[in-house]
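Where a number appears in this text, it was derived from the coordinates with a stated rule and is not lab data. Fair warning: this is a prediction, and the values are worked out from it, not measured in the lab. Cβ coordinates were reconstructed from backbone atoms using ideal geometry, including for glycine residues, and neighbour counts include every protein chain displayed.
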Amino acid sequence: MRIVCVESSSTSACGTYTWGETEDYIINITAAPACSGTPTGGSTASSQNPICPGQSATMSVTGGTTATGLTYQWQSSPDGAAWSNIAGATSSTYVATPSTSTYYRRVTTCTSSGLSANSASLQEVVTLTSACYCTSAATSTSDMDITNFTFSTINNTTPRNSLVGNSRYCNRYSRYV
């Protein structure tokens with residue numbers, strides 16, 4: 001493999017240039033060994049944990065067998081005891097978008113031996129915290145007032161200080177959870 005870094009122009013792998021550098025590397029690509037016996041399940045890991053409702057996290061496995069002839073099946077469980085296969089989740093990783101906290105694990109099977117192993121499970125926690133909300137703040141003295149807030153049976157019509165033309169109150173809005 002050849003890497004060419006040229007200052008202020010572009011060139012081909014065998015081109016000429018005034019300023020820059022060319023480096024050549026030899027890369028040997030070898031196939032992974034074929035699986036045999038019982039594979040190592042490893043430990044399930046998440047790209048982000050906890051997550052907010054509606055967010056996704058990528059599940060992967062560390063410390064598992066790396067070989068050819070392996071198949072994968074991701075499973076989920078609401079309690080870490082009763083497991084179900086996730087339809088279509090047969091890659092080495094899985095992108096989960098759970099609506100509630102859910103346990104995940106991967107079943108790794110060696111096709112030549114027919115033996116399989118489970119990864120250690122991981123609970124992906126879905127939580128609603130202040131980190132799930134965007135930050136809001138007034139940015140101008142001409143921002144409009146919030147004069148009414150209604151949520152379910154709560155109806156707050158208490159007037160607040162006017163922001164219009166009053167820089168003293170600018171940036172006083174905050175997020176409330």
- Task: Using a 10 Å cut-off on Cβ atoms, rank the peptides 20-27, 67-74 from the highest mean neighbour count down.
- Result: 67-74, 20-27
- Task: Report ³J(HN,Hα) in whole Hz for each residue of the stretch 105-119, in order, from the Karplus equation J = 6.51 cos²θ - 1.76 cosθ + 1.60 where θ = phi - 60°; Gly and Pro get x.
- Result: 8, 10, 9, 10, 10, 8, 5, 6, 9, x, 8, 9, 9, 9, 6
- In order over the stretch 37-42: 3J(HN,Hα) from phi, Karplus 6.51/-1.76/1.60, θ = phi - 60°, whole Hz, x for each Gly or Pro, gives x, 8, x, 8, x, x
- For Ala120, distant residues with modelled amide H under 5 Å away: Gly42, Ser43, Thr44
